[in-house]
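Read the structure below first, then the notes.
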Amino acid sequence: MTANAGASPVIALKSVTKTIGDGVVTTLVRDIDMSIFPGEFVSITGPSGSGKSSLLYLLGLLDVPSSGDVFIQGQPVNKLDERARAHMRLSLIGFVFQFHFLLPEFTALANVMLPMRALAELDQHAMQERARTLLASLGLHDHMNKLPGQLSGGQRQRVAIARALANTPKVILADEPTGNLDSKSSEQVLAIFRRLVDETGSAIVMVTHDLELAERADRHVRIVDGRIV
Amino acid sequence: MNLVIDIAVTHVRSRLRQTLVGLLGVAMGVGFSVMMASLMEGSQRDFVSQLVDSLPHITMNDERRSPPRQPAEDAFDTIAISGLRTPETRPGIKNPYAIMAELEGWLNGAVAPSVETRAVIRYAGRDTAASVIGVDPRRERYVSKLPTQVRGGDLDALYKSSNAIIIGDKLAQKIGARIGNTIALASGRGEVMSCTVVALFHSGIAQSDETQAYTLIKTAQILAGQTGIINAMRIRVADIMQAMSVAGRIEAQTGYKSVSWQEANEDLLSAFEIRNFIMYTVVGAILLVASFGTYNIISTITHEKTRDIAILKSLGFTEGTVRRIFLIEALLIGLAGTVLGWVLGYALCSLLGTIEFKSPFMDATHLPLYYTPKHYALAALVALTASAIAGYLPARKAARQHPVEIIRGAS
């Protein structure tokens with residue numbers, strides 16, 4: 001964070017609380033203040049049910065807070081409509097989940113092109129070129145035209161990372177990205193994240209159970225019972 | 001290809017078996033609807049054309065819609081009339097040839113005079129009541145299809161002998177008469193006239209073939225005992241749908257009751273309306289059932305694609321885009337099913353057209369079918385609307401799903 005002293009945060013949460021349920025109210029995250037800066041690699045750990053993933057979904061505009069404010073590049077987003085939030089997600093945020101979550105009927109190349117096609121800022125040729133470059137940079141030269149079912153777990157996760165990077169996001173939010181991988185693939189994913197932070201200046205927020213991996217991030221945030229400790 | 005269409009096509013294509021089932025459902029709905037509509041309208045049109053074409057489009061006779069006013073009614077405010085005598089003979093049309101000339105001045109069609117009377121036909125000890133129509137063969141050919149319906153001779157055969165008569169083939173069969181036989185016609189006044197059967201006719205309408213006979217006007221006049229009378233005009237118009245308005249104009253001009261084919265067959269036409277209503281209800285029901293298949297398939301795809309919906313929404317797809325994807329899937333199934341249904345419908349119609357069919361009431365030897373793009377367009381419209389509705393409901397449900405709930409459920 002010291003490297004970003006003085007820089008504006010990409011995402012900032014101010015006193016954010018998220019509760020669910022009408023009768024029996026469960027608090028998922030409680031009064032959280034948090035800022036994610038460009039080029040920062042942040043890890044979030046905590047016991048199961050502590051609110052790690054909920055925090056990530058709030059950061060990624062997949063969920064709305066019950067109270068408090070979320071800012072993306074300094075702009076409050078709480079009151080934005082569904083369409084504007086979706087566009088922000090598409091252009092500024094990339095997601096990587098524990099289960100790769102690729103579209104099974106589309107090839108690796110087509111999956112990586114999906115966010116670009118949805119954003120529609122590049123022509124077809126440029127999109128294809130960028131998708132190829134991304135996949136190649138993640139060591140998937142020979143797997144571009146394969147369906148997810150024809151790839152190994154590690155390969156699928158790398159395709160998911162390439163997809164998350166497709167629209168050159170300001171921040172990548174990864175929910176247990178190594179949770180389903182062996183140690184070798186986990187190492188590869190972590191190395192890719194590190195390289196991205198160093199080379200592109202994107203921020204990465206990674207939720208993980210693995211303390212050893214978490215310690216290798218620039219900043220390690222621990223959350224218990226919905227609070228940062 | 002547009003991204004939304006690309007995803008929709010991929011979903012539909014990757015679930016080939018389900019897609020085929022849905023597609024066949026729609027195709028069957030469209031196909032059977034087209035067949036039903038073609039069959040129903042075909043039989044209706046065939047019936048109407050037989051009815052309309054074999055007879056004059058308008059018949060004007062010497063009756064009036066309402067009884068003529070009595071002179072006393074004009075002279076006094078209130079009167080009581082009783083003991084009026086019923087005339088024994090028909091009054092006939094006054095100045096028929098002048099009226100004909102007048103009508104021919106504006107009418108887009110043809111007019112022919114005739115004399116209608118009733119008689120009992122006797123032959124070989126058998127009696128049967130018949131309607132005898134005196135016609136002018138030279139004019140008759142322009143107002144009815146009688147010349148083409150004559151068997152064993154032609155309409156001009158009426159000129160060949162005195163008191164020549166052409167009788168319906170079923171009537172001939174009933175009394176056992178053949179061409180060349182002399183039959184006796186007894187009028188209502190008891191006069192008996194001998195006539196020679198010079199030909200038979202077959203209109204295809206059993207009632208006509210069994211009860212009608214044609215003679216020259218002069219012969220019918222003698223039989224009616226009213227020399228020089230013309231009591232009906234047979235009129236044909238170029239546009240049969242105009243018959244009703246033309247009949248109205250003739251009636252307004254001449255004062256004589258003019259009955260168009262629509263009015264003469266009012267009961268039948270209103271029965272057809274009910275029949276059409278039933279037909280469209282059945283066709284609609286078939287397509288509705290087919291749309292349930294589409295609903296089922298889109299629901300299943302939506303359910304199976306829950307995770308994909310979460311992915312797309314987490315990527316930044318809006319609810320509207322997700323809804324469009326599933327709606328397009330339904331429309332793709334509907335569209336492909338419709339095209340297949342058109343082929344199926346046409347094939348079914350062609351197949352039905354080859355089946356031989358014998359009706360005791362009609363001459364048709366094959367099922368009458370009517371081919372029109374209207375049936376295909378209508379079936380397509382209903383099928384696509386039903387598919388869109390069937391797809392919209394699960395699509396809306398899919399689009400409303402919260403990605404976080406799905407992601408949590410998957411992890």
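The values are calculated or read from the model by the stated rules, or taken from the named source; none is laboratory data. All of these numbers come straight from a predicted model, not from anything done at the bench. Using ideal geometry, Cβ is built from the backbone for each residue, glycine included, and neighbour counts are taken over all protein chains shown. In case anyone asks, the SASA skips ligands and DNA or RNA and just uses the protein heavy atoms, side chains included. Shrake-Rupley method; radii C 1.70, N 1.55, O 1.52, S 1.80 Å.
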Inset, instruction - Scan the stretch A:65-85 for residues that are in a loop (DSSP other than H, G, I, E, B), free of Cβ contacts under 8 Å to residues at least 40 places away in the same chain and more than 13 Å from chain B (Cβ to nearest Cβ) and report the count. - result: 3
Inset, instruction - Test B:Glu63 against the stated conditions and say whether it is under 39 Å from the mean Cα position of the chain (by Cα) and either open to solvent by 90 Å² or more (accessible area, probe 1.4 Å) or at pLDDT below 90 (or both). - result: yes
Legend entry - the stretch A:198-227: number of residues that are open to solvent by less than 10 Å² (accessible area, probe 1.4 Å) and part of a helix (DSSP H, G or I): 2
Legend entry - Complete set of residues in the stretch B:221-237 that are closer than 17 Å to B:Glu191 by Cβ, part of a loop (DSSP other than H, G, I, E, B) and of a type in the set (S, T, N, Q): B:Gln226, B:Thr227
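When you look at B:Thr294, is it modelled with pLDDT under 85, buried (at least 24 other Cβ atoms within 10 Å of the Cβ) and closer than 29 Å to B:Ile407 by Cα, yes or no?
So B:Thr294 fits the description; yes.
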Legend entry - Positions within the stretch A:114-130 being assigned to a helix (DSSP H, G or I) and more than 9 Å from every other protein chain (Cβ to nearest Cβ), in sequence order: A:Met116, A:Gln124, A:His125, A:Ala126, A:Met127, A:Gln128, A:Glu129, A:Arg130
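Kindly state which helices (runs of 4 or more DSSP H) lie completely within the stretch B:4-107 and contain at least 3 residues that are out of contact with any Ser or Thr (no Cβ under 9 Å at 6 or more places or on another chain) and under 30 Å from B:Gln212 (Cα atoms).
On the way: elements: B:16-54, B:71-75, B:96-106.
The helices (runs of 4 or more DSSP H) meeting that bar are B:16-54, B:96-106.
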Legend entry - One residue from B:Ala224, B:Ala213, B:Ala232 being of a type in the set (Gly, Ala, Ser), at pLDDT below 90 and open to solvent by less than 30 Å² (accessible area, probe 1.4 Å): B:Ala224
Inset, instruction - Can you tell me which residue among A:Phe37, A:Phe99, A:Phe41 is open to solvent by 50 Å² or more (accessible area, probe 1.4 Å) and within 15 Å of the chain's Cα centre (by Cα)? - result: A:Phe99
Legend entry - Scan of the stretch A:174-192 for residues that are open to solvent by 30 Å² or more (accessible area, probe 1.4 Å) and within 12 Å of another protein chain (Cβ to nearest Cβ), ordered by number: A:Gly179, A:Asn180
Legend entry - Checking A:Met34 against (1) in contact (Cβ under 8 Å) with a residue 24 or more places away in the chain; (2) within 13 Å of another protein chain (Cβ to nearest Cβ), the condition it does not meet: (2)
Inset, instruction - Take the stretch A:94-105 and flag every residue that is assigned to a strand (DSSP E or B) and facing chain B (nearest Cβ under 8 Å). - result: A:Phe95
Inset, instruction - Determine, yes or no, whether B:Ile325 is under 26 Å from A:Glu82 (Cβ atoms) and either within 14 Å of another protein chain (Cβ to nearest Cβ) or not aromatic (Phe, Trp, Tyr) (or both). - result: yes
Legend entry - Test set (1) more than 25 Å from A:Thr26 (Cα to Cα); (2) at the interface with another protein chain (Cβ under 7 Å from one of its Cβ atoms); (3) open to solvent by less than 50 Å² (accessible area, probe 1.4 Å) - A:Met88 fails condition number: (2)
Inset, instruction - Considering every residue within the stretch B:235-251, establish whether at least one is under 24 Å from B:Asp156 (Cβ atoms) and at pLDDT 90 or above. - result: yes
Legend entry - For B:Val282: the one exception among (1) touching a residue at least 24 places away in the same chain (Cβ under 8 Å); (2) open to solvent by 30 Å² or more (accessible area, probe 1.4 Å); (3) not assigned by TED's automatic domain parsing to the domain that holds B:Leu381: (3)
Inset, instruction - Could you check B:Arg122 against (1) modelled with pLDDT of 90 or more; (2) of a type outside the set (Asp, Glu); (3) open to solvent by 80 Å² or more (accessible area, probe 1.4 Å); (4) assigned to a helix (DSSP H, G or I) and say which number it fails? - result: (4)
Inset, instruction - Report yes if some residue within the stretch B:327-348 is buried (at least 23 other Cβ atoms within 10 Å of the Cβ), in the same structural domain as B:His11 (by TED's automatic domain parsing) and on the phi > 0 side of the Ramachandran plot; otherwise report no. - result: no
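If I filter the stretch B:301-313 for residues that are part of a helix (DSSP H, G or I), among the charged types (D, E, K, R) and modelled with pLDDT of 80 or more, do I get at least one hit?
In the first step, residues of the stretch B:301-313 are kept if they are part of a helix (DSSP H, G or I); the result is B:301-304, B:306-313.
Filter again for among the charged types (D, E, K, R), leaving B:304, B:307-308, B:313.
Pick out the ones that are also modelled with pLDDT of 80 or more and you get B:308, B:313.
Scanning the stretch B:301-313, I find at least one residue that is part of a helix (DSSP H, G or I), among the charged types (D, E, K, R) and modelled with pLDDT of 80 or more, so the answer is yes.
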Inset, instruction - Specify the residue that is nearest to the chain's Cα centre (by Cα); the eligible residues are those in the stretch B:80-119 that are among the β-branched types (Val, Ile, Thr) and exposed (fewer than 11 other Cβ atoms within 10 Å of the Cβ). - result: B:Thr86
Legend entry - Test for A:Thr45: is it touching a strand residue (DSSP E or B) at 6+ places or on another chain (Cβ under 6 Å), away from chain B (no Cβ under 14 Å) and more than 27 Å from A:Ala217 (Cα to Cα): no
